[in-house]
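> Below: one structure in structure tokens.
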Amino acid sequence: MRQGRVPWPGPYVVAAGLFLVYLVLSVGRFRRMEWASWDLGIFEQAIRAYAHLQEPVADLKGPGTNILGDHFSPIIALVAPLYRVFPGPVTLLVAQAGLFALSAVPVTRAAARLLGRARGIALGVAYGLSWGVQRAVEFDFHEIAFAVPLLAFALEAVLARRWGAALLWGLPLLLVKEDLGFTLAALAAVVAWRALPTDRRAAWTAVAVAGGASVFAVLVFTVIVPAFATDGYGYWDKIDGAGPFAGIGTKLATLAWVLVPTAGLLALRSPLLLVAAPTLGWRFLSGDDHYWSTDWHYSAVLMPVVTLALVDAIDTARRGDRPWLRAYALQLPTAVLAAGLALSATALPTEKLARAGTYEKPDRVVAIERLLGRIPDGATVEADTGPLTRLTSRCRVFWIGGSRGEVPDWITLDNSSAWAGENPVVYAGQLHPGHRWELVGEAEGVVLIRRR
């Protein structure tokens with residue numbers, strides 16, 4: 001009796017190691033209260049609602065705001081069963097770490113299949129440590145955590161000439177975020193291009209998917225999201241902006257980061273890189289300079305595209321008739337791994353892994369959590385970035401100054417810089433005239449105020 005072939009564990013070992021790295025970074029940051037955004041709280045509110053089979057309301061965006069009227073990301077409901085069992089913001093961070101780590105499996109597997117196991121491991125680790133993924137791990141939870149593995153599996157299928165699987169892996173992108181319909185269209189166009197010489201039926205199917213994805217994306221922008229919103233799609237002003245030449249220095253620097261340390265420019269030789277065009281397009285055409293740089297989470301979806309485009313380009317170049325290009329291509333897996341390790345040890349979030357403070361909860365956080373513990377479950381609270389992630393799993397939380405006429409039971413904010421004035425109780429009265437407030441306590445600059 002013949003025994004089945006044992007799968008090579010390499011890709012899964014890489015993914016497991018990356019999962020631990022991502023987990024330490026994101027959960028450690030949460031434990032230290034090092035948040036620069038309200039996004040984790042927003043997504044927790046929506047997923048908490050899904051977990052209780054309710055409309056996905058994110059009160060931080062405004063009381064009663066349906067999150068589908070902000071971004072079309074129904075796929076985040078997949079986290080809801082896990083959240084129902086383990087309620088809390090850390091659950092979202094664990095899910096995101098798992099999704100990012102999972103994406104390393106198809107990247108490593110595809111690279112190993114085409115270039116050999118050693119180069120496959122090198123590129124898998126380099127991908128997992130890429131600056132785009134690390135920035136996303138460090139910056140809250142976002143829906144694009146689902147897009148990253150979907151793109152990785154889809155492009156792995158393209159490289160394996162499994163056209164139907166590539167399209168099927170790409171289809172859920174329509175449920176991740178509204179702009180990713182155009183990314184699916186680009187993916188389908190690449191499938192059509194690759195399939196046309198040998199499989200015309202698959203090529204025409206891909207063309208149909210590209211057209212359908214584009215139409216669906218337009219409908220999401222113009223019909224579906226506005227149906228859940230009160231004032232239409234709220235990001236048109238960010239998309240329609242300063243034009244392609246505004247901030248050209250920042251944009252060119254971002255392109256260099258996308259193409260040089262991750263691919264040594266060789267990815268430009270692969271048509272797979274076209275899948276990155278929609279994301280780079282809307283970002284660079286926007287008038288919002290937050291989208292132009294390498295910060296935040298916006299570049300994570302580019303990393304599997306660039307890495308697998310590099311794999312494709314190396315595979316093509318090593319079989320070409322230019323000796324210098326063959327030599328350069330075959331050295332790139334080692335080079336991009338070295339670049340990734342060097343950046344990880346000096347300039348990227350992973351450099352924190354060598355610090356003892358990464359694994360500790362500061363006394364400051366303990367004091368703040370003790371103070372916030374005085375707020376009863378189910379209370380309505382107005383909060384800013386620091387305290388809110390400690391409350392969204394058990395209270396109804398509004399953004400400070402954004403309760404739109406609803407008067408909370410409690411107000412808590414980080415006033416260590418005195419932005420709310422010397423007397424935060426006076427500030428509370430300005431937010432909600434006609435109501436009386438009292439200071440309940442203060443810890444490490446965070447104040448807790450109760451409505452009397």
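The values are calculated or read from the model by the stated rules, or taken from the named source; none is laboratory data. Please read these numbers as outputs of a predicted model, since none were measured by experiment. So basically every Cβ, Gly included, is an ideal-geometry build from the backbone, and we count neighbours across all protein chains shown. Just the protein is used for accessible areas: all its heavy atoms, side chains included, with ligands, DNA and RNA removed. Shrake-Rupley method; radii C 1.70, N 1.55, O 1.52, S 1.80 Å.
> Is it fair to say Leu78 is assigned to a helix (DSSP H, G or I), over 14 Å from the mean Cα position of the chain (by Cα), buried (at least 21 other Cβ atoms within 10 Å of the Cβ) and not aromatic (Phe, Trp, Tyr)?
Considered against the rule, which asks whether it is assigned to a helix (DSSP H, G or I), over 14 Å from the mean Cα position of the chain (by Cα), buried (at least 21 other Cβ atoms within 10 Å of the Cβ) and not aromatic (Phe, Trp, Tyr), Leu78 comes out as no.
> Considering (1) open to solvent by 30 Å² or more (accessible area, probe 1.4 Å); (2) over 16 Å from Ser130 (Cβ atoms); (3) not in a loop (DSSP other than H, G, I, E, B), say which one Ala313 fails and leave the rest.
Against the list (1) open to solvent by 30 Å² or more (accessible area, probe 1.4 Å); (2) over 16 Å from Ser130 (Cβ atoms); (3) not in a loop (DSSP other than H, G, I, E, B), Ala313 comes up short only on (1).
> Testing Ala263 on (1) of a type in the set (A, V, I, L, M, F, W, C); (2) under 16 Å from Val190 (Cα atoms); (3) open to solvent by less than 20 Å² (accessible area, probe 1.4 Å), one condition comes back false. Which one is that?
Just one mismatch for Ala263, condition (2).
> Then there's this: Residue under question is Pro261, and the condition is that it be free of Cβ contacts under 8 Å to residues at least 24 places away in the same chain, closer than 27 Å to Arg322 by Cα and in a loop (DSSP other than H, G, I, E, B); does it hold?
no
> Where residues in the stretch 31-60 are among the hydrophobic types (A, V, I, L, M, F, W, C) and surrounded by fewer than 21 Cβ atoms within 10 Å (Cβ to Cβ), which of them is nearest to Trp296 (Cα to Cα)?
Going through the qualifying residues, I end up with Ala36.
> Now, a different point. Kindly evaluate Val105 against the criterion of being within 18 Å of Pro9 (Cα to Cα) and either β-branched (Val, Ile, Thr) or in contact with a His (Cβ under 6 Å, 6 or more places away or on another chain) (or both).
yes
> Taking Thr91 as meeting all but one of (1) of a type in the set (S, T, N, Q); (2) under 18 Å from the mean Cα position of the chain (by Cα); (3) surrounded by 24 or more Cβ atoms within 10 Å (Cβ to Cβ), write down the number of the exception.
Exception for Thr91: condition (3).
> Listed residues Val440, Val447, Val397; which is closer than 20 Å to Asp39 by Cβ, assigned to a strand (DSSP E or B), of a type in the set (A, V, I, L, M) and touching a Leu at 6+ places or on another chain (Cβ under 7 Å)?
Going through Val440, Val447, Val397 in turn, the sole match is Val397.
> Continuing with this model, one more query. Any residue in the stretch 114-127 that is within 17 Å of Thr350 (Cα to Cα) sitting within a Cβ distance under 9 Å of a residue that is open to solvent by 60 Å² or more (accessible area, probe 1.4 Å)? List the pairs, counting only those 6 or more apart or interchain.
Gly124/Arg109; Val125/Leu341; Ala126/Leu341
> All but one of (1) closer than 27 Å to Tyr83 by Cβ; (2) open to solvent by 10 Å² or more (accessible area, probe 1.4 Å); (3) touching a helix residue (DSSP H, G or I) at 6+ places or on another chain (Cβ under 8 Å) hold for Asp409; state the number of the condition that does not hold.
Single failed check for Asp409: (3).
> May I pose another question? Could you grab the pairs with beta carbons closer than 6 Å, sequence gap of 6+ or different chains, first residue in the stretch 27-53 and free of Cβ contacts under 8 Å to residues at least 60 places away in the same chain, second one part of a loop (DSSP other than H, G, I, E, B)?
Close Cβ pairs satisfying both conditions: Ile42/Ala58; Ala46/Pro56; Ala46/Ala58; Ala49/Pro56; Tyr50/Pro56.
> Now for a different question. Being free of Cβ contacts under 8 Å to residues at least 60 places away in the same chain and in contact with a strand residue (DSSP E or B) (Cβ under 7 Å, 6 or more places away or on another chain) is the filter; apply it to the stretch 339-382 and report the residue that is surrounded by the fewest Cβ atoms within 10 Å (Cβ to Cβ).
Here the residue is Ala379.
> Further question on the same structure: For the stretch 37-73, how many residues are under 15 Å from the mean Cα position of the chain (by Cα) and either outside any helix (DSSP H, G or I) or charged (D, E, K, R) (or both)?
7
> Among (1) open to solvent by 30 Å² or more (accessible area, probe 1.4 Å); (2) touching a residue at least 60 places away in the same chain (Cβ under 8 Å); (3) not hydroxyl-bearing (Ser, Thr, Tyr), there is one condition Leu219 misses while meeting the rest; what is its number?
With respect to (1) open to solvent by 30 Å² or more (accessible area, probe 1.4 Å); (2) touching a residue at least 60 places away in the same chain (Cβ under 8 Å); (3) not hydroxyl-bearing (Ser, Thr, Tyr), Leu219 is out only on (2).
> Could you give me the residue pairs with C-beta distances under 8 Å whose first residue belongs to the stretch 432-445 and is loosely packed, with under 12 Cβ neighbours inside 10 Å, whose second residue is of a type in the set (D, E, K, R) wherever it lies, and which are 6+ apart or on separate chains?
Arg436/Arg451; Arg436/Arg452; Glu438/Arg450; Glu438/Arg452
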